[in-house]
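Input: a single structure, listed below in structure tokens.
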Amino acid sequence: MAQVEVKVPDIGDFKDVAIIEVLVKVGDTIKAEQSLVTVESDKASMEIPSSAAGVVKELKVKLGDKINQGDLI
């Protein structure tokens, strides 16, 4: 199975949104569109889904990190 890099999709006009919840861990088997992390801006919170199914090999983010569109999860 090919390795897929999951990046933060277009989340609208948000910059430096904080990760308030990490919903998966290394070794988890996930489905496409399964939520990976929850982020919160000053206006709303939203879950960032996976673009592919597979097994989580590595997480590049942790609780409290600030992320932007295009960042590697």
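Given q = 0.15, 0.18, 0.26 Å⁻¹, what are the Debye log10 I(q)/I(0) values for the chain, with equal point scatterers placed on the Cα positions and solvent ignored? Here log10 of I(q) over I(0) equals -0.44, -0.64, -1.29. Using a cutoff of 8 angstrom between alpha carbon atoms and counting only pairs six or more residues apart, the relative contact order for the chain works out to 43 percent.
Positive contributions from Lys and Arg (+1) and negative ones from Asp and Glu (-1), summed over other residues with Cβ under 11 Å from the Cβ of Phe14, come out at -2.
Only the coordinates and a few stated rules stand behind these numbers; no lab work does. It should be emphasised that the depicted structure is a prediction, and the values quoted were computed from it without experimental measurement. A quick note on method: Cβ atoms are made from the backbone with ideal geometry, for glycine too, and the neighbour counts reach across all protein chains shown.
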